[in-house]
Amino acid sequence: MIRSMTGFASGKGEFGAHSWSWELRSVNGKGLDLRLRVPDWLEGLESALRGELSKALNRGNVTLSLRLTRSEDAAALSLNKDALAAALDALAEAERLAEDRGVALAPSRAADLLGLRGMLDAGAEADDAAPLVERLKAEFGPLVRAFLDMRETEGEALSTVLRAQLELVDALTRQAAELAESRKAQMADNLRSNLARVLDNLEGADPDRVAQELALIAVKADITEEIDRLAAHVAAARKLIDQGGPVGRKLDFLMQEFNREANTLCSKAQNAELTAIGLELKAVIDQMREQVQNVE
């Protein structure tokens, strides 16, 4: 089964005085880009989570957020004196500048200062964080599994869409082959006409150049190779989807090959119906390419 690079999972948990919430999400990416926001005082946690994600995923821009809170009585909080001193210095400077400009500021309250980030220390860093880290590691496994389940569900939907698009490409390719077969007589007449035009201008011409022109006329009239390669690409794409796993890069390369053959078919068409088929092929291939960008 193929997997999408788009996914989301969330979870919550508690351990002792701590509670937390996870958010794991991903979007398309050329490679695997992991961005983790984890409290740095939980020693060893980030590297462990990063390792687990690296083993589970192959591609995508992945963001993991861990929000951790601690339930503490107010008496257990300690004042960060350095932070308070810096805040008071900044407050004094602000009041001086306001006074110089004739601006009256409202009186400052202690509660305003204590509410600033980093002013009160709950002492979490001083605790033995090892048991909490181990619990978070254990809780992370189910989160990753839920995340992968969503990517697989999205991948199944992508697979259905891609298979339908491949069916359409296959049908259009067969239509092009049938049309090419039915116009062989017309193409033979066109080739004879072009050949006669070249032969009428042989006098003084370079024989090698004449041979090149004749070969070019013949090549431009034949779309057999393009038809065969399109059919081969359809078979290869179906095989990759059946194979599953991280096949997004290979499918993306195939989309480029599909587009190349469709462009060549259009340039060789020399027929309004065949040109229309080529243009429809290009439209379907472009739609497939957009879907493939989501495949891991």
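The values are calculated or read from the model by the stated rules, or taken from the named source; none is laboratory data. Keep in mind that this is a model prediction, so the values were computed, not measured. We place every Cβ from the backbone using ideal geometry, glycine too, and count neighbours over all the protein chains shown.
Scanning region 112-125 for residues that are more than 11 Å from LEU42 (Cα to Cα) and at pLDDT below 70, we see that the one that is surrounded by the most Cβ atoms within 10 Å (Cβ to Cβ) is LEU120. Whenever a residue of region 219-239 is closer than 13 Å to THR264 by Cα and not assigned by TED's automatic domain parsing to the domain that holds ALA164, it has no partner that is modelled with pLDDT of 95 or more and in a helix (DSSP H, G or I) lying with C-beta atoms less than 8 angstrom away and at least six residues away or across chains. Note on region 39-50: among residues that are assigned to a loop (DSSP other than H, G, I, E, B) and touching an Asp or Glu at 6+ places or on another chain (Cβ under 8 Å), the one that is nearest to ALA146 (Cα to Cα) is ASP40. Scanning region 245-274 for residues that are surrounded by 14 or more Cβ atoms within 10 Å (Cβ to Cβ) and not in a helix (DSSP H, G or I) yields PRO246, VAL247, ALA269, GLN270, ASN271. Residue count for region 275-296, restricted to those that are surrounded by fewer than 19 Cβ atoms within 10 Å (Cβ to Cβ) and assigned to a helix (DSSP H, G or I): 11.
For region 32-50, give me each residue that is small (Gly, Ala, Ser) and modelled with pLDDT under 95.
Filtering region 32-50 down to residues small (Gly, Ala, Ser) leaves 44, 47-48.
Listed by number, the list holds a single entry, GLY44.
The set of residues in region 6-28 being surrounded by 14 or more Cβ atoms within 10 Å (Cβ to Cβ) and either of a type in the set (Lys, Arg) or in a loop (DSSP other than H, G, I, E, B) (or both) consists of THR6, ALA17, ARG25, ASN28.
All of LEU53, LEU36 fail the test of being hydrophobic (A, V, I, L, M, F, W, C), in a helix (DSSP H, G or I), touching a residue at least 24 places away in the same chain (Cβ under 8 Å) and surrounded by 16 or more Cβ atoms within 10 Å (Cβ to Cβ), apart from LEU53.
Among residues of region 241-260 that are closer than 14 Å to ASN28 by Cβ, those with a Cβ under 8 angstrom from a residue that is basic (Lys, Arg), sequence gap 6+ or separate chain, pair up as PRO246/ARG3; PRO246/ARG59; GLY248/ARG59; ARG249/ARG59; ASP252/ARG289. Which of the residues spanning region 167-186 are at pLDDT 95 or above and farther than 17 Å from GLY278 by Cβ? GLU167 - this is the single residue of region 167-186 that is at pLDDT 95 or above and farther than 17 Å from GLY278 by Cβ. Taking the numbered list (1) loosely packed, with under 13 Cβ neighbours inside 10 Å; (2) under 30 Å from the mean Cα position of the chain (by Cα) in turn, LYS81 passes all entries but (2).
With the requirement that a residue be under 30 Å from ASN58 (Cβ atoms) and among the hydrophobic types (A, V, I, L, M, F, W, C), what does region 249-280 give you? So that I can check it myself, show each step before the final result.
Taking region 249-280 first, the residues under 30 Å from ASN58 (Cβ atoms) are 249-262.
Selection gives LEU251, PHE253, LEU254, MET255, PHE258, ALA262.
Scanning region 67-84 for residues that are at pLDDT below 60 and in a helix (DSSP H, G or I) turns up ALA74, ALA75, ALA76.
Please find, within region 132-150, the residue that is farthest from PRO39 (Cα to Cα) out of those that are in contact with a helix residue (DSSP H, G or I) (Cβ under 7 Å, 6 or more places away or on another chain) and aliphatic (A, V, I, L, M).
The first filter runs over region 132-150 and keeps only residues in contact with a helix residue (DSSP H, G or I) (Cβ under 7 Å, 6 or more places away or on another chain), leaving 133, 136-137, 140, 144, 148.
Add one more test, that the residue is aliphatic (A, V, I, L, M), and what stays is 133, 136, 144, 148.
Values: VAL133: 11, LEU136: 12, VAL144: 19, LEU148: 24 Å.
Selected residue: LEU148.
With the structure loaded, tell me whether ILE217 is assigned to a helix (DSSP H, G or I), surrounded by 14 or more Cβ atoms within 10 Å (Cβ to Cβ) and at pLDDT 90 or above or whether it fails that test. In short, no.
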